[in-house]
Ligand code: ADP
Ligand code: MG
């Protein structure tokens, strides 16, 4: 089974960032309100995710590391309603096959925490008592220590950390209701407290995108024909060397979609005439029955039932907003 896990790991576990994505999604699935991520050496030496979610019962701990051991099958019956992507039931198994993994957890009705440890080897994990508040910690050490070929593909510590941080930023913009805290090599990098109101949401966007973006961005807020678009679009005065400040969410799920990109780019170009890369943090809320966000779990594509209407709504809204402030 270890070999099978390692093969499966090739798909899920590419680098520390992909491990972080799986662990954070599990934490969010468990109802966490606060997630703490601790990283050493870009996540290669250590990646620890701690949450205050529902926890895992002692009996289920070894199971959580077994393949196809998802506890989320029931949700599959209602696939359309599942916004979570963590339903494959093999992320933890895959990660544990290529690292030294410790899973510690406590449920609300248990009077103590329990822990299992694995070390990439084919062994039955033993459940031991541990100290931990209600919730779960997953500690992943020495990623790819037993798969040198894969380890060779890792980039410099800083590059791996940048990817990992990007994963957290994307999720943090999707879930304002959850606190995210990130430490790298002992230093706090992100400290995003639960953002309930408009002001704290803006503060989170400033933390994630940099304060300069928010100062030079146009707030958007419009509701029409059952569609709602809100967020910020960078003004031409906001220049940024890389064109990567492009966050677009559909019903809380980040997407990178051709139709969306086209509408935004077109509105930008038609108003500003200068071929600048658009920068934006935008949230589209739309009747879930008219959009499929599960087209491909990793490519972030969406399929709108009425794509023409969505395109025109985005284009029209942004065109009007930008034209109003054209210098
Ligand atoms: P999946 O998320 O697809 O079900 P995973 O391998 O990611 O599969 O996780 C296996 C199982 O372990 C989950 O179904 C869940 O029951 C449990 N689990 C993993 N992480 C957590 C967590 N942070 N909090 C609570 N339960 C968790
Ligand atoms: Mg999962």
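The values are calculated or read from the model by the stated rules, or taken from the named source; none is laboratory data. Quantities reported herein were computed from a predicted structural model and do not represent experimental measurements. Neighbour counts run over all protein chains shown; Cβ positions are idealised from the backbone, glycine included.
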Problem set entry | Set 31, 43, 10: member being in the same structural domain as residue 127 (by TED's automatic domain parsing), touching a helix residue (DSSP H, G or I) at 6+ places or on another chain (Cβ under 9 Å) and at pLDDT 95 or above | 43
Problem set entry | Some residue of the stretch 262-284 being on the phi > 0 side of the Ramachandran plot, modelled with pLDDT under 90 and surrounded by fewer than 14 Cβ atoms within 10 Å (Cβ to Cβ) | yes
Seminar exercise, completed: Taking the stretch 224-236 and keeping residues free of Cβ contacts under 8 Å to residues at least 60 places away in the same chain and either crowded, with 20+ Cβ neighbours inside 10 Å or more than 19 Å from residue 198 (Cα to Cα) (or both) leaves 231, 232, 234
For this session: Could you tell me which of the residues 97, 84 is within 16 Å of ligand 2 (Cβ to nearest atom), touching a helix residue (DSSP H, G or I) at 6+ places or on another chain (Cβ under 6 Å) and either modelled with pLDDT of 95 or more or farther than 22 Å from residue 33 by Cβ (or both)?
Result: 97
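To keep it simple, each residue is scored yes or no on (1) within 13 Å of residue 283 (Cβ to Cβ); (2) in the same structural domain as residue 22 (by TED's automatic domain parsing); (3) surrounded by 18 or more Cβ atoms within 10 Å (Cβ to Cβ).
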{"site": "169", "(1), (2), (3)": "no, yes, yes"}
{"site": "177", "(1), (2), (3)": "no, yes, no"}
{"site": "180", "(1), (2), (3)": "no, yes, yes"}
{"site": "187", "(1), (2), (3)": "no, yes, no"}
{"site": "199", "(1), (2), (3)": "no, no, no"}
{"site": "205", "(1), (2), (3)": "yes, no, yes"}
For this session: Return yes or no: is residue 110 out of contact with any strand residue (DSSP E or B) (no Cβ under 7 Å at 6 or more places or on another chain), at pLDDT 85 or above, over 27 Å from residue 252 (Cα atoms) and within 16 Å of ligand 2 (Cβ to nearest atom)?
Result: no
